[in-house]
1. For a quick check: with amide H placed at 1.01 Å from N, whose amide H comes under 5 Å from His66's, ignoring anything fewer than 5 positions away on the same chain?
2. Going Cα to Cα from Lys49, which aspartates and glutamates come in below 14 Å? Please leave out same-chain ones fewer than 8 positions away.
3. Which of the peptides 101-108, 64-71 is most tightly packed, and how do the rest follow, judged by the mean count of other Cβ atoms within 10 Å per residue?
4. With every atom except the alpha carbons ignored, what do you get for Rg and Dmax of segment 42-157, in angstroms?
5. How big is the gap, in Å, between the Cα center of segment 37-74 and the Cα center of segment 108-142?
Amino acid sequence: MAKGRKKIPTKIKEMQKTVEKSRSIENEMEVDLVSSLPSAPDWLSEIGKEEWNKVSSQLFNIGMLHNVDLQLVAAYCNEISLYVETETMLRNKGRIQAFRNPDGTLKHAQAVPYQKIAKDALSAAMKLATQFGLTPVARASIAAPVTSNNTQINNYFE
């Protein structure tokens, strides 16, 4: 039996201007917005902290950063950081591992295991990114709440 379409939160339907009373959830769970821009978790690497500052400020400025989502945003930043760090290491050390016979001839070559780590980190980051509208396709399907330039400027200086 097919599951059907995924349920879309009423808030997103309102932003997309596709909300209909007959298809709205009556007692939909509502969560608290973050009241001030949080600092990056200490356990993130420097690259992760830079991503945190970029992503959390964007989500905060458009009113889409919720307290319950902070750990998922941190997980996204960690995965991006892992991807960037692993790719940097692969570029420096190479992607292919060569095994040689005692006489120096090539026995066989294979991709280094870090390639899988980088691929898995990027895959996990992309899955999390779509949940927050951080990919071009995800952004195209969600209309952000209306904010004025003054709101974004005021949040920048806070």
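1. Val34
2. Glu79, Glu85
3. 64-71, 101-108
4. 19.7, 71
5. 18 Å
Values in this text are rule-based calculations from the coordinates and carry no lab data. All of these numbers come straight from a predicted model, not from anything done at the bench. Cβ sites come from the backbone with ideal geometry, for glycine too, and all protein chains shown count toward neighbours.
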